[in-house]
1. If N is the number of residues in segment 233-277, what value comes out of its Cα radius of gyration divided by 2.2 N^0.38 Å?
2. Pop out the Kirkwood hydrodynamic radius of segment 39-93 from its pairwise C-alpha distances, inverse of mean 1/r, in Å to one decimal.
3. Could you size up the charge dipole of segment 113-200 around its Cα centre, putting +1 on the beta carbon of Lys and Arg and -1 on that of Asp and Glu, and report it in debye to the nearest 20?
4. Quick check on segment 138-266: what does the Kirkwood estimate of hydrodynamic radius come out to from the alpha carbon pairs, in Å?
5. How would you order 98-105, 2-9 from highest to lowest mean count of nearby Cβ atoms within 10 Å?
6. Could you give the angle, 0 to 90 degrees to the nearest 10, between helix 274-287's Cα long axis and the longest principal axis of the Cα atoms of the chain?
7. Based on the mean of other beta carbon atoms within 10 Å per residue, what is the order of 34-46, 165-177, most packed first?
8. Would you kindly state how much longer the chain becomes between residue 36 and residue 256 on full extension, computed as 0.36 nm times their sequence separation minus their alpha carbon distance, in nm to one decimal?
Amino acid sequence: MIVKKVLVAGATGYLGKYLVKELKKRGFWVRVLIRNEEQKSIFDSVDDFFVGQITKPNSLNGVTKDIDWVCTTVGITRQKDGLTYMDVDYQGNSNLLKEAIKNKVEAFQYISAINGDKLRHLKIFEAKEKFVDELKTSKIKYSIMRPNGFFSDMKDFLKMAKTGRVYLFGHGNFKLNPIDGEDLAKVCIDNMIEGIQEESVGGVDVFTQNELAELALKTWKKPIKIIHLPDWIRRLTIWTLRTFTSSKTYGPIEFFLTVMAENNIARQYGSKKLEDFFALEVNKVIKH
């Protein structure tokens, strides 16, 4: 069997680290794109490092040389360093794609987020979906993953629950199935192997927001106190932020408040349980 050579961009992030581990576990040869030499210490079993800045195309020259597959999780949740969503989520990934085409890479996988294609009007998705469009028309074999929220994103429920009450907008009956990074890495690689072009994927358990709030409160051993705020407050908050703040401030909040007002259920996958993740997080706090 010929060993595939895979480049992982965004390898130092939450999902990226799991992707590198899973690829190595399955016997792939892995190169990671890092911003500086110091980041090498994050990894213990990588075959090759390439130092470059995804937003600086000249620094990427040769990053995809001899590579079969590219997998990129590159994107910013909160804008920093003066960079915008367009600079990173669109242009950065576009720079990488140009290198992949130049070096005749076989396949390119991009990790977006659930319902990005339906929520293009959100600042955070405008750039992601512009890149998706470019990837689809690039004539390279592609795989687009649209994961549900990560377990790590659900820490917001835990933070609220620690205070003894959780605030939700509306009735709290909208559903979602968050996914663990380790499970997501597995399905991303499966889809690359199987040549699946586009898929939304989530964790094994589906929760209503009320159930998530209850689980978070129970993990802290708190009585169940859920405050349901009228939905007009959510809509007013989005309008106010869009009107009076920059996209740097409102982008992530706009995204969070929008997705909380609809069902987000994707194909159920994996074995990791959110209750176990919550228990671990709470134990970490208690031990400290």
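Where a number appears in this text, it was derived from the coordinates with a stated rule and is not lab data. Because the structure is a prediction, the values reported are computed rather than measured. Glycine gets a Cβ as well: all are built from the backbone with ideal geometry, and neighbour counts include every protein chain shown.
1. Relative to the rule-of-thumb radius for its length, segment 233-277 sits at 1.60.
2. On the way: mean 1/r = 0.0773 Å⁻¹.
That comes to 12.9 Å for segment 39-93.
3. Working: 15 positive and 14 negative charges, 85 e Å.
Its charge dipole is roughly 400 debye.
4. On the way: mean 1/r = 0.0610 Å⁻¹.
That comes to 16.4 Å for segment 138-266.
5. On the way: 98-105: 16.6, 2-9: 20.2.
Most protected by this proxy first, the peptides run 2-9, 98-105.
6. Long axis of 274-287 versus the principal axis of the chain: about 80 degrees.
7. Working: 34-46: 12.7, 165-177: 18.1.
Averaged packing, sorted descending, gives the order 165-177, 34-46.
8. Working: separation 220, 0.36 × 220 = 79.20 nm, distance 3.12 nm.
Separation in residues times 0.36 nm, less the Cα-Cα distance, equals 76.1 nm.
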